[in-house]
Ligand code: UDP
Ligand code: MG
């Protein structure tokens, strides 16, 4: 069986009513493409009749592959199961609730062809309440862009297109899926965004509330750390440690000189406490850095794969005898 060019990956949790329409809309969009495609739906432990609905589609349409978790693991895990299964050169992710429009797929593909590795959807005209949805999302996107250095207007939009190399080289945990463009920047990727259609939810209800904003912010700390320091923790902790420790030693020295050379009483000086505190903090920070360094090393050794991903390799092949 030949591999399809395009894999559509869809995380789905309790969206039974949307399935028939999703199939219809996707089929229309995919049939209009001149590339082969597959659809991978990950049923994230739905408790309604979603699986039966998916099974019905699967029987009619051989393009549809259904994966079903035993329990609900969350959207990120569902996506990573889909990524694992995806065979396409290009992977497009899509929400199951029909809020994303399959008609945007050709434009995503065309933009990817201009030489990008990730094309992110940007719901320019969002059909959701301002105060509880759009405002927190605006603030979060601004912050994520600044902190990660990957500037996107809409991290939260599931409709995104990736080159296969991206999804096969990142590891998703917790709720990190929305940070894929930022996490992927680690291996070096060209990212862009295009405006996509956003539609109000027609069936079922949203799986998230406002508390998501806080979890996203915590995840951002993780991402920042992974991006900045995960291969060189000692440089960060050690740098800080040297700074505080050095300052502590300096203050201590000044105090000692005062005591020894000028016989000034230093027992009641707050600076003395500060000096001691700084030296202890410095030692602590450097030790944390060393421990982190060991952890990082064993992690990379264990994974047994390089921390880089090649873009191209230009290498002259051995010329066989007689060939000119
Ligand atoms: N989803 C999932 N597992 C979950 C929660 C959500 O697979 O635990 C799916 C859900 O079915 C939908 C997508 O993730 O296809 C986005 O969820 P939702 O529409 O509730 O989020 P919102 O659009 O409100 O941000
Ligand atoms: Mg939705």
Suppose the chain between residue 265 and residue 28 were pulled fully straight at 0.36 nm per residue; how much longer would it get relative to their current alpha carbon spacing? 76.7 nm
Estimated 222 nm signal from helices in the chain, with DSSP H stretches of n ≥ 4 weighted -39500 (n - 2.57), rounded to 500: -15000 deg cm²/dmol
Roughly what percent of Cα-Cα pairs across the range 96-223 reach past 23 Å? 31
Using the Kirkwood formula on alpha carbons, the hydrodynamic radius of the range 145-295 in angstrom works out to 19.6
Bridge type composition, the chain - antiparallel percent by DSSP, nearest 5: 25
If you fit an axis through the alpha-carbon atoms of helix 75-85 and take the longest principal axis of the Cα set of the chain, what angle between them do you get, 0 to 90°, nearest 10? 60
With the Cα gyration tensor of the range 1-110 in hand, convert its eigenvalues to equivalent ellipsoid semi-axes via √(5λ) and list them largest first in whole Å. 21, 15, 13
So for the range 216-324, using the alpha carbon gyration tensor with a ≥ b ≥ c as root eigenvalues (a/c under 1.5 gives rounded; past that, a/b versus b/c decides prolate or oblate), I'd call it prolate
So what's the gap between the Cα centers of the range 247-290 and the range 11-80, to the nearest angstrom? 64
Please report the orientation-averaged projected area of the range 117-190, defined via the convex hull of its C-alpha atoms, in nm². 5.0
Provide Rg and Dmax in Å for the range 20-77, with only Cα atoms included in the calculation. 12.3, 37
Highest mean first, what order results for 182-189, 11-18, 254-261 on Cβ atoms within 10 Å? 11-18, 182-189, 254-261
What's the ranking of 94-106, 26-38, 222-234, 155-167 by average number of surrounding C-beta atoms within 10 Å, highest first? 155-167, 94-106, 222-234, 26-38
Let me know the whole percent of all Cα-Cα pairs from the chain that are separated by more than 34 Å. 39
Can you tell me the mean projection area, over all orientations, of the convex hull of the range 225-271's alpha carbons? Units nm², please. 4.0
Once both label points are put 7 Å beyond Cα along the C-beta direction, the residue 128-residue 168 separation in nm becomes 3.2
In degrees rounded to 10, the 0-90 angle between helix 270-303 Cα long axis and the longest Cα principal axis of the chain is 40
For helix 135-148, report the angle its Cα long axis makes with the longest principal axis of the Cα atoms of the chain; keep it between 0 and 90° and round to the nearest 10°. 60
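None of the figures in this text is laboratory data; all of them are computed from the coordinates on show. All values reported here derive from a predicted model rather than from experimental measurement. All Cβ positions, glycine included, derive from the backbone under ideal geometry; neighbour counts span all protein chains shown.
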